[in-house]
Each structure stands twice: as C-alpha cells, then as structure tokens.
Amino acid sequence: RSKHVLVDEFQDTNYAQYELVKLICPQKMDGRSLMVVGDDSQSIYKFRGAAVSNILQFMEDYPDSETITLLENYRSTQKILDPAYKLIQNNNPDTLESKLGISKELTSKGNQEGPDPQILKLPTLEDEVEQVVLKILEILGTEPEYTFKDFAILARANNHLEPFVL
C-alpha cells in the first residue's frame, strides 16, 4: 500500500520484525522504495532478540540496494569522536565495519571547541556520585551563564540514576 517505507534503528529488529519488513516490501516492489537505517555500534536490544545479522541478511535479500555510510558528525567534537571510535574497535572482529571492510570512523563537522574528554575511575558508586556533583557545582561557580538545566547525566538505565537524585 505504501509507496515508500523507512525502517529506522534496523540494527534493533528481531527475526519476526525483519520477516514483517520482507512481507510489506518484497524484493520486486514495482516503483516503491524501501530504506533501512542501522548502525551495529548502536545496537542495544540483543536481550530482546534483536539481530544485527539482519543488516547482513538485508544486503543478501535486497542485492540491488545501495549502502551509504555516514561519516560526518555535527554533534560532537573530534576530541570525543576519536576516543569513542578507538573504544568501539574493541568489538572487532564482530562489527559490520570488520565484516564488510568499510570505515565508520567519524569526522566532526561541527563546532570544535569544548573540553577534552576525561576518564575518571573511582572506587565506589558513592565516590562517583560525589565527583559528578562536585564537578557540576564547580562549573556553576565559575561560569555564571550556566544553570542546573544545562546539565544532563546519562546512564544505561533509569535505575542507575537513583543515587544522583537522592
């Protein structure tokens, strides 16, 4: 029915979801289009049956498809992208980058200003919470243009943030 179909976060689809995509969009689509977007480095739902292998299977099932690798980043500085890429390389040889012989090393096209990333290894969760709070207070004390709403603490799951809100 639909002339164009887009499946985002394709790396997080499971077997049944991919089978549904194939039913909706058979290989011979007569003027219709199918676009899937996926990045194995962002796959987070393996515990729900997500299969990054769907990306490889897609390439077999739709051999006339075109692969476009996005390498320009407008959100992060190169100071963040380089160590992130180095960290992700620890997942080789199980990445699409390795299996397909492509590069996914990003280049920053945005603002290059900003602090260097820091890695802090602290002995306890309490020490980590204290260090984060002290850093926020330090920034608020030296840079008056910032308020608490300018800060975000990212975590893998909401319950990991409980010590920060107590």
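The values are calculated or read from the model by the stated rules, or taken from the named source; none is laboratory data. In this text the structure is predicted, and so the values were computed from the model without any measurement. Every residue, glycine among them, receives a Cβ derived from its backbone with ideal geometry; neighbour counts consider all protein chains shown. Heavy atoms of the whole protein, side chains included, go into the accessibility calculation; ligands, DNA and RNA do not. Shrake-Rupley method; radii C 1.70, N 1.55, O 1.52, S 1.80 Å.
Can I get the semi-axes of the range 1-44's equivalent ellipsoid? Compute them from the C-alpha gyration tensor as square roots of 5 times the eigenvalues, in angstrom, largest first.
21, 11, 7
From zero up to wherever the largest Cα-Cα distance of the chain sits, split into 5 Å bins and tell me the percent of pairs in each.
For the chain, the binned pair fractions read 1, 6, 12, 14, 14, 14, 12, 10, 7, 5, 3, 1, 0 percent.
Rolling a 1.4 angstrom probe over the protein heavy atoms, how many square angstrom per residue are accessible across the range 18-156?
Heavy-atom SASA per residue in the range 18-156 reads 78 Å².
In percent, what relative contact order does the range 66-166 have, based on Cα pairs under 8 Å that are 6 or more apart in sequence?
Relative contact order comes out at 28 percent.
Using a 1.4 angstrom probe on heavy atoms only, work out the carbon and sulfur share of the accessible area of the range 1-148 in %.
Here it works out to 55 percent.
Could you work out the helix-only [θ] at 222 nm for the chain, with each DSSP H run of four or more residues adding -39,500 (n - 2.57) and the total divided by the number of residues, to the nearest 500 deg cm²/dmol?
-10000 deg cm²/dmol
For ILE153, what is the net charge nearby, where nearby means another residue's Cβ is under 11 Å from its Cβ and Lys, Arg count +1, Asp, Glu -1?
0
Given an 8 Å cut-off on Cα distances and at least 6 residues of separation, report the relative contact order of the range 42-121 as a percent.
36 percent
By how many nm would the segment from LYS135 to ILE119 lengthen if fully extended, with 0.36 nm per residue of separation less the alpha-carbon distance?
Answer, rounded to one decimal: 4.4 nm.
When the Kirkwood hydrodynamic radius is evaluated over all pairs of different C-alpha atoms of the range 77-152, what value in angstrom, to one decimal, is obtained?
15.6 Å
Over the range 1-101, what is the mean sequence separation of C-alpha contacts under 8 Å (at least six apart), divided by residue count, expressed as relative contact order in percent?
Across the range 1-101, relative contact order equals 31 percent.
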